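**Student:** Pasting in a structure now, in structure tokens, and then I'll have a few things to ask.
The values are calculated or read from the model by the stated rules, or taken from the named source; none is laboratory data. Keep in mind it's a predicted model, so treat the numbers as computed, not measured. All Cβ positions, glycine included, derive from the backbone under ideal geometry; neighbour counts span all protein chains shown.
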Amino acid sequence: MDGWITTWRQKKQARSRRRFFFLFLLVFLLLVAGTAWGVTNFGWRKIALKVDGEERVLRTWARDIRQLLEEQGITLYPGDEVVPSLQTPLAGGMAVEIRRAVEITILADGREKRLRLVPTTVEAALARAGIALGPEDRVEPGRERIIGQGDTIRVVRVATKTETVEEELAYRVVRRPDPQLEKGITRLVQRGQKGIQRTEYRVTYEDGREVKRELVSQTVLKEPVAEVVAVGTLSKVSRGGRVFGFRRVLWATATAYTHTGRRTATGTVPRVGTVAVDPSVIPLGSRLYIEGYGYGRAEDVGSSIKGDRIDVFLDSEEATRRWGVRRVKVYVLE
């Protein structure tokens with residue numbers, strides 16, 4: 001009987017030891033699993049990463065954003081921005097965004113500048129480039145447009161100035177008929193005088209070049225004085241006891257020439273009364289009366305006879321020397 005009880009007790013003790021060992025092992029495994037779960041959840045972070053507008057969710061052991069990018073094999077280029085900054089420690093549920101820069105060209109103040117910036121407004125891009133805009137400056141494209149890869153921004157400097165100038169005012173010419181003067185003759189009665197006008201303009205410049213001029217005001221400082229000219233209307237005169245009518249009168253510088261052995265430009269033999277003229281002033285064939293010479297006809301020309309010059313024919317060299325050079329009144333007869 002005692003042997004049976006002893007055996008039972010031994011078996012009971014063995015079962016108790018096995019139960020204790022199982023419970024101990026179970027508790028140990030639970031502790032290890034819990035520790036591992038805690039360590040994993042503490043160091044393994046869930047991050048939302050957005051690159052070039054595409055977002056993905058990932059888990060990482062990285063401690064900060066720099067390590068995260070290295071872990072993901074993401075390279076940053078000049079001008080790229082990371083939000084938050086690279087030194088920011090990672091925390092579960094954090095959102096990280098990489099904004100890629102684009103290359104743009106800015107034309108301003110006669111210079112070209114190339115730079116890389118993350119997409120932003122044109123105005124913000126100019127500010128980043130250190131280019132200040134005046135209130136009237138024009139930007140192409142518009143200030144609020146978002147820049148993109150390869151865009152060119154042109155800044156046009158616009159300035160408006162007020163300019164005041166004094167300008168001359170032309171005088172008018174008043175022609176008054178005068179029956180005491182021969183037709184073709186004029187006489188200055190009153191000399192004209194220019195007036196003065198002050199004019200104010202609003203001038204717009206773009207990059208230093210004038211593009212628009214607007215009249216603001218005008219003030220006459222001095223009125224112009226009209227020029228008065230007496231115009232002859234007398235068409236008949238009496239010379240040498242004869243009265244003749246004429247188409248016009250002109251003053252001319254007269255020289256004299258004599259026989260050369262050549263015929264005139266109209267084919268006639270020169271004689272007293274033959275006159276060389278400028279055909280653009282006095283048509284060839286015109287009948288003339290020349291004070292101090294008498295009647296004549298325009299039949300010849302000369303290389304030096306231009307404008308209001310004439311050359312009258314005389315019979316001898318002596319007569320031409322006596323004539324010399326004189327100012328005469330020439331009547332073009334009807």
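**Student:** Is it the case that residue 137 is on the phi > 0 side of the Ramachandran plot and modelled with pLDDT of 90 or more?
**Tutor:** On the way: on the phi > 0 side of the Ramachandran plot: no; modelled with pLDDT of 90 or more: yes.
In short, no.
**Student:** From the set of residues in region 129-169 that are among the basic types (Lys, Arg) and either in a strand (DSSP E or B) or within 22 Å of the chain's Cα centre (by Cα) (or both), which is farthest from residue 110 (Cα to Cα)?
**Tutor:** Residue satisfying both the conditions and the ranking: 161.
**Student:** For region 296-304, state whether one or more residues are exposed (fewer than 12 other Cβ atoms within 10 Å of the Cβ) and not aliphatic (A, V, I, L, M).
**Tutor:** yes
**Student:** Another one. Within region 69-94, how many residues turn out to be among the aliphatic types (A, V, I, L, M) and out of contact with any Asp or Glu (no Cβ under 8 Å at 6 or more places or on another chain)?
**Tutor:** Total meeting the criteria: 5.
**Student:** Please state which one of 223, 182 is among the charged types (D, E, K, R) and at pLDDT below 95.
**Tutor:** 182
**Student:** In region 247-272, which residues are within 60 Å of the chain's Cα centre (by Cα) and either part of a strand (DSSP E or B) or in contact (Cβ under 8 Å) with a residue 40 or more places away in the chain (or both)?
**Tutor:** Across region 247-272, the qualifying residues are 247, 248, 249, 250, 251, 252, 253, 254, 255.
**Student:** For region 72-86, which positions are in contact with a strand residue (DSSP E or B) (Cβ under 6 Å, 6 or more places away or on another chain) and more than 30 Å from residue 158 (Cβ to Cβ)?
**Tutor:** Within region 72-86, 78, 81, 82, 83 qualify.
**Student:** So, in region 226-246, how many residues would count as being assigned to a loop (DSSP other than H, G, I, E, B) and at pLDDT below 95?
**Tutor:** 3
**Student:** Give just the number: which of (1) closer than 30 Å to residue 280 by Cα; (2) of a type outside the set (S, T, N, Q); (3) not assigned by TED's automatic domain parsing to the domain that holds residue 310 does residue 250 not satisfy?
**Tutor:** If we test residue 250 against (1) closer than 30 Å to residue 280 by Cα; (2) of a type outside the set (S, T, N, Q); (3) not assigned by TED's automatic domain parsing to the domain that holds residue 310, just (3) comes out false.
**Student:** Cβ-Cβ below 7 Å, separation at least six or inter-chain, first residue in region 307-326 and exposed (fewer than 11 other Cβ atoms within 10 Å of the Cβ), second among the charged types (D, E, K, R) and outside any helix (DSSP H, G or I): which pairs?
**Tutor:** 307/278
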